[in-house]
Amino acid sequence: MDSRNDSTERAPNEAPAFFVHPKGLVDSEDVGEGTRVWAFAHVLKGAKIGSHCNIGECSFVENGAVLGDHVTIKNGVQVWWGVTCEDYVFVGPNATFTNDHIPRSGGPKPEGEPTWERTHVGTGASIGANATIIAPVKLGAYCLVGAGSVVTRDVPPHALVMGNPAQAAGWVCSCGMRLSSELQCVKCAKQFVRVGSPEQGLAEASA
Amino acid sequence: MDSRNDSTERAPNEAPAFFVHPKGLVDSEDVGEGTRVWAFAHVLKGAKIGSHCNIGECSFVENGAVLGDHVTIKNGVQVWWGVTCEDYVFVGPNATFTNDHIPRSGGPKPEGEPTWERTHVGTGASIGANATIIAPVKLGAYCLVGAGSVVTRDVPPHALVMGNPAQAAGWVCSCGMRLSSELQCVKCAKQFVRVGSPEQGLAEASA
Amino acid sequence: MDSRNDSTERAPNEAPAFFVHPKGLVDSEDVGEGTRVWAFAHVLKGAKIGSHCNIGECSFVENGAVLGDHVTIKNGVQVWWGVTCEDYVFVGPNATFTNDHIPRSGGPKPEGEPTWERTHVGTGASIGANATIIAPVKLGAYCLVGAGSVVTRDVPPHALVMGNPAQAAGWVCSCGMRLSSELQCVKCAKQFVRVGSPEQGLAEASA
């Protein structure tokens, strides 16, 4: 069975450098080269997506969302207004962002109603499957949020967090592997050093 | 790229007072005026939806589900048979309802097999992103279920709950803001009073 | 409104013994008789699905995934490469599998990069709504994973687990009901016995 024969036709003069599955929807004109958008995914007008990204099925990228290059968004993820993912970020399946700390549906609101909150995900960070990210929050570069975790506060660069609410559980290398107590990668042997306070996390030691 | 040119055509004499995205599906004839149903969402025949609701992408409203007016269902939410949401309810993205306490797939079942369980969500209540609601359960009016929480028992009106399993964490105003220890809204100054036992929650104090 | 009039047409000589909703996608040729695939679900080429399965909306079955007979996959579930579900498995809505313990998006990887991990779900097991299953892991036959749980290690046959991380919380019958402290079903009276170590779980006592 070929379900693709009612697919959207592309006019000959439109030759986007990115791929959209016939059942995917892309309304944005700001999608980079080599990016792939899969079935039942929807990229809204005003969303900004870099090059070589992968946008999984049933995912959603809203106007005001910003993705860098080489970002992976797995299935069932919504990237709302106010969410920025730097280059090489990984967002696992059904992981859930938010941008409204006090959600209410319609009805009268008091004076000075809340504005939307922002989430910033640093370069190379990974968010595990089905994790929940409660804005406003910053996830540091190369941090790793365990699958199913609920993140309620900032995560330092290279930190591993897990649980509900998510708690510090160690440190990880840029490659994702755990660091030893001496802050060295157990796999690729890269050495890291603390940068100021624990909240500032780790940085790679200069060679 | 306009992905909408293979959209479902609407016959001239059908002029629904609600909006369905060309990639959304509405089989129910019981949808109120001003309601919007977005792409890859599906409202089944027998589902009842009030006016001015917003049904997000990849959401699903089953026969036997009932939504009041001004209800917001964000993306990736399934509203099963047995779930009722009163007016002004907010259901966050990927929040998950259930209606089968003892799920098994097919096969022989013992005598007196379980019936589906019900969930009732009171007026103005909000369910945070990626929360799990385990039926049978009642969520009281204007309660707030924290994002990523797992609700295993009834939530009183105006209660704030969070965690896995969800635990009481304070009280919130109709506007969503926290109440002080004197049960007054820190923002709009509304005063609340306890109503009988803690399980009965709060009500707005009469002026 | 009939949204189905742009449905995929099936050629007369293709008469699959399974059902695909006009808005569902099935690229696999290995789907059993009586199986139903619903709207916005996608079964990839190379996925193997048995007979009489039910694949919910917005779900995804990847190449390399294997489902037995009578398996229920509710809405919003992704069954990745490396996931095998035996007969009569139930997977609740928005439950999330994984196959990459150390997810990173692109970029340089160290030598000997990680391979995908596998998940095996035994006959008759049930995974509750919005649960997270962290591979590699084995879920034993007829076990029951509570809704919203995060499974980080193997679950014995007939075990009930819940929480984040999921912990042992009792035992359940093949029918799903709790067992008494004497390991007898409170409903259908089946008797069970321990099989070796606790990790090996229970088996039905011979008559």
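Structure above, values below:
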read-out	value
Phi-based couplings in Hz for region C:78-93 (Karplus 6.51, -1.76, 1.60; Gly and Pro marked x)	10, 9, 7, 3, x, 9, 10, 10, 6, 4, 6, 6, 10, 10, x, x
Loop trypsin sites (Lys or Arg not before Pro), region A:99-207 (other Cβ atoms within 10 Å of the site Cβ: 14 or fewer; DSSP)	A:Arg153
Alpha-carbon radius of gyration plus Dmax, which is the widest Cα pair, for region C:79-196 in Å	15.8, 57
Long-range amide H partners of B:Asn130 with built H, under 5 Å	B:Asn94, B:Ala95, B:Gly148
³J(HN,Hα) computed for each position of region A:50-55 - Karplus, 6.51 cos²θ - 1.76 cosθ + 1.60, integer Hz, glycine/proline x	x, 8, 6, 8, 10, 10
Placed amide H near C:Val79: partners under 5 Å, 5+ positions off or other chain	C:Phe60, C:Val61, C:Glu62
Spherically averaged projected area of chain C from its Cα convex hull (nm²)	15.7 nm²
Longest to shortest principal axis, alpha-carbon extents of region A:27-105, angstrom	39, 23, 23
Theoretical FRET efficiency, 1/(1+(r/R0)^6), r = Cβ-Cβ of A:Ala169 and B:Ala17, R0 56 Å, to 0.05	0.60
Nonlocal amide H pairs with A:Gly170, under 5 Å, H built at 1.01 Å	A:Leu160
Exposure of C:Val161 as accessible area (Å², to 10), given a probe of 1.4 Å and all protein chains	10 Å²
Per-residue ³J(HN,Hα) for region B:174-190, Karplus 6.51 cos²θ - 1.76 cosθ + 1.60, θ = phi - 60°, Hz, x for Gly and Pro	4, 7, x, 6, 5, 9, 6, 5, 8, 6, 10, 5, 6, 10, 9, 6, 4
21 Å Cα-Cα reach of C:Lys187 towards lysines, excluding residues that sit fewer than 8 places from it in its own chain	B:Lys109
Virtual spin-label span in nm between C:Ser206 and A:Asp154, 7 Å along Cα→Cβ	6.5 nm
Longest site-free stretch - chain C; sites: GluC sites (Glu not before Pro), DSSP loop, at most 15 other Cβ within 10 Å	C:34-110
Beta bridges per DSSP with both ends in chain A, % antiparallel, nearest 5	20 percent
The protein assembly as shown - convex hull of alpha carbons, volume per residue in Å³	181 Å³
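The values are calculated or read from the model by the stated rules, or taken from the named source; none is laboratory data. Keep in mind the model is a prediction, meaning the values are calculated, not measured. Glycine gets a Cβ as well: all are built from the backbone with ideal geometry, and neighbour counts include every protein chain shown. The area values use the complete protein model at the heavy-atom level, side chains included, leaving out ligands, DNA and RNA. Shrake-Rupley method; radii C 1.70, N 1.55, O 1.52, S 1.80 Å.
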